[in-house]
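Some notes on the structure that comes next.
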Amino acid sequence: MKVLVVGGGGREHAVIRKLKESKHVDAIVCAPGNGGISADAECVNIKATDVEGMVNYAVNNGIDFVCVTPDDPLALGMVDALEAKGIPAFGPDAKAARIEASKVFAKGLMKKYGIPTASYEVFDDPEKALAYIKEKNSYPAVVKADGLALGKGVLIARDEAEAAAALKELMVDKQFGNAGNEVVVEEFLEGPEVSVLAFTDGKVVRPMVSSMDHKRADDNDEGLNTGGMGTIAPSPFYTQEIADRCMQEIFLPTIKAMNEEGCPFRGCLYFGLMLTKDGPKVIEYNSRFGDPETQVVLPLLDGDLFEIMKACENGTLADVPIAWKKEAAACVIEASGGYPEHYVKGYEIHGLNEDGQAEGVTVYHSGTKKENGKYCTNGGRVLGITALGRDLQEALQKSYKAVETIGFENMHYRHDIGRKALGK
């Protein structure tokens, strides 16, 4: 099989390295890919959001199967366009991708079908939204852009002034364009945060190993929200009892709700959960693999990823064996100084071999390019340094040891990934 993976970040690199293990996969193409991915797949310079260009490439180059990983092309209907040409694809169609592409749709779905989530209201007028927040007078308040915003459209306001600033940024200044035409204002939930990615064919749900993202830029969960500065798996907070409860109260009801609404979900459905004192609640859904959660979850998969993806697409997931290694995984993100705001590209990366890897860890490339045989920085999040261990402590030690030898000028990373999970 010749497989095309759409995207060009660390998540796509993790997917590609797992697909390479499949006995069914002969060749992998990645579009647009990046410097590090080029060691594992043929990279083709097509933008991930170029639906027409991607479909034409797949048709003209004998692609047998496509994995559409990022949120934007899913929301734009890339899977629909591929399937219209007879090319099977892993990922939801545009109607089902609304579960991530519209926070208003997702919250309405949860309300209608009794899926536990934070209480909320929807606004298309910043003044009315601010009046509601003032009236509630409950801080922190959470303000979310309705649409896709690079994972950064959620603002947590600690007081009225911050709420006003958040609404201005999203709804008036249009920091994320039309994504801020409507906002969801919701209550702030407290408790350990857990990510659970799940394979589904629209009927069966097969959750993956739980993971825990670290979204803030700086240690101790301080600084700006980012796309994720590191992850660990599994989460020690996600017990079997909680997993069973999530299956009955959240996972199965969500799949059923999507079917009832006439938009069955096939692909990877990501559940962002908060384990509150009142039980698990949904913070958000994503319609695809999380980044950087994929970089710790897929290395623990004991199974054929291509077979699983194909089964999600053709409705036979119940028949495919899926197991998980009894190990732990940790990923530390090496980012450009100044991320997620202003940063410089083009620094040479040291500590990597010619394939962009290093001994004892797996290096997932997010924002890199390869020039004259050397790897250079080309984005905000640059590398994800992932290690496996018998337990979380060992995985973290291996990861951080490698971080000491792999790097670049003005590098920034968090020193406390997994600390909460270790109870420190």
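The values are calculated or read from the model by the stated rules, or taken from the named source; none is laboratory data. Not measured: the values here are computed from a predicted model. Counting neighbours? That spans all protein chains shown, and the Cβs are built from the backbone with ideal geometry, glycine included. The area values use the complete protein model at the heavy-atom level, side chains included, leaving out ligands, DNA and RNA. Shrake-Rupley method; radii C 1.70, N 1.55, O 1.52, S 1.80 Å.
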Residue check for Leu352: open to solvent by 40 Å² or more (accessible area, probe 1.4 Å) and modelled with pLDDT of 95 or more: no
Options Thr368, Thr377, Thr386; residue that is open to solvent by less than 10 Å² (accessible area, probe 1.4 Å), within 17 Å of Gly418 (Cβ to Cβ) and either among the polar types (S, T, N, Q) or in contact with a helix residue (DSSP H, G or I) (Cβ under 8 Å, 6 or more places away or on another chain) (or both): Thr386
Subset of region 111-140 [over 26 Å from Cys246 (Cβ atoms) and touching a helix residue (DSSP H, G or I) at 6+ places or on another chain (Cβ under 7 Å)]: Phe123, Pro126, Ala129, Leu130, Ile133, Lys134
Residues of region 194-216 satisfying the condition of being at pLDDT below 95 and either touching a His at 6+ places or on another chain (Cβ under 7 Å) or assigned to a strand (DSSP E or B) (or both): Arg216
Strands (runs of 3 or more DSSP E) contained in region 1-99 and holding at least 1 residues on the phi > 0 side of the Ramachandran plot and either touching a strand residue (DSSP E or B) at 6+ places or on another chain (Cβ under 7 Å) or surrounded by fewer than 17 Cβ atoms within 10 Å (Cβ to Cβ) (or both): none
Residues of region 147-171 classified as part of a strand (DSSP E or B) and farther than 21 Å from Gly380 by Cβ, total: 1
Region 16-41 residues that are within 19 Å of Pro73 (Cα to Cα), paired with ones that are among the aromatic types (Phe, Trp, Tyr) and open to solvent by 10 Å² or more (accessible area, probe 1.4 Å) (beta carbon under 8 Å, 6 or more apart): Ala31/Tyr57
Test set (1) open to solvent by less than 20 Å² (accessible area, probe 1.4 Å); (2) closer than 22 Å to Tyr400 by Cβ; (3) touching an Asp or Glu at 6+ places or on another chain (Cβ under 8 Å) - Cys312 fails condition number: (2)
Enumeration of residues in region 315-368 that are out of contact with any His (no Cβ under 8 Å at 6 or more places or on another chain), under 30 Å from Ala89 (Cα atoms), among the small types (Gly, Ala, Ser) and not in a strand (DSSP E or B): Gly315, Ala318, Gly367
Only listed residue being farther than 17 Å from Arg288 by Cα, in contact with a His (Cβ under 7 Å, 6 or more places away or on another chain) and either of a type in the set (Gly, Ala, Ser) or at pLDDT 95 or above (or both), chosen from Gly53, Gly10, Gly36: Gly36
Residues of region 256-290 classified as of a type in the set (A, V, I, L, M) and open to solvent by 10 Å² or more (accessible area, probe 1.4 Å), total: 3
